[in-house]
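Written below as structure tokens is the structure these notes are about.
Read the figures in this text as sums done on the coordinates, not as results from a lab. Everything numeric here is computed off the predicted structure, so don't read it as measured data. Don't worry about glycine lacking a Cβ; one is built from the backbone with ideal geometry, like all the others, and counts go over all protein chains shown.
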Amino acid sequence: MNFFQRLILRVFGFFYPQKVYNKENIPDKPFVVVCNHYRTIDCGFIKRIFPENSYFLAKEELFKTKIVGGFIRSFGAIPINRANPSLSSLFKSTKVLKDGGVLVIFPEGTRNKTKERLLPLKGGSAMFAIKAKCPILPVMMRKKAKLFSGVDIIIGKPITFDDYYDKKIGSKEIEELDEVIKNAMLSEQDALIEMKNNKRRKKK
């Protein structure tokens with residue numbers, strides 16, 4: 001990451017500060033990060049945690065203009081058609097992990113604008129991890145970030161699907177794995193909420 005990119009992230013951190021819990025859970029690379037998704041700027045929070053050799057999947061609509069597309073590409077964005085992923089996108093994503101990097105996926109597939117804590121997962125994150133034989137790292141934000149208020153983020157314990165390595169995975173297995181990932185994500189968010197509530201109680 002060059003000086004300009006680091007400066008952009010520092011400026012971003014000034015306007016949107018973040019508090020990250022349980023960094024000790026971060027495993028050795030490569031790994032897949034799964035995170036809940038509220039706003040487009042969520043990519044900035046994750047990039048600040050994993051600034052080096054990290055890439056994230058972004059909807060291809062964001063790349064329609066050269067300026068925006070070039071900017072987010074410089075921070076590791078990989079364009080993907082959410083309805084029909086191209087072989088090129090899948091190859092680039094897999095290569096990130098094979099090269100020892102971090103692949104960031106927002107498995108809800110879109111921003112969560114509902115009152116639900118987590119939208120149904122679209123699948124795919126487990127397959128990337130299994131193909132690369134690496135862990136999945138659940139990362140959860142407590143709530144939508146606001147200007148100058150920042151956001152609390154918790155890093156969960158890595159999830160591995162060793163039993164599925166080198167095996168053919170069907171749609172039923174993918175649904176089951178997505179459920180495991182979803183439960184892990186919600187569990188980490190519960191832990192973060194409880195942690196913040198306990199701190200408030202102690203201050204009273």
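Here are the numbers:
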{"quantity": "Lys, Arg +1 and Asp, Glu -1 on Cβ, resulting dipole of the range 56-204 about Cα centre, debye, nearest 20", "calculated": "1020"}
{"quantity": "Computed label-point distance, nm, for sites Ile193 and Thr65 using a 7 Å Cα→Cβ extension", "calculated": "3.7"}
{"quantity": "Of the GluC sites (Glu not before Pro) in the range 46-102, those whose Cβ has at most 12 other Cβ within 10 Å and which sit in DSSP loop", "calculated": "Glu52"}
{"quantity": "The chain, helix-only ellipticity at 222 nm - DSSP H runs n ≥ 4, -39,500 (n - 2.57), divided by all residues, nearest 500", "calculated": "-13000 deg cm²/dmol"}
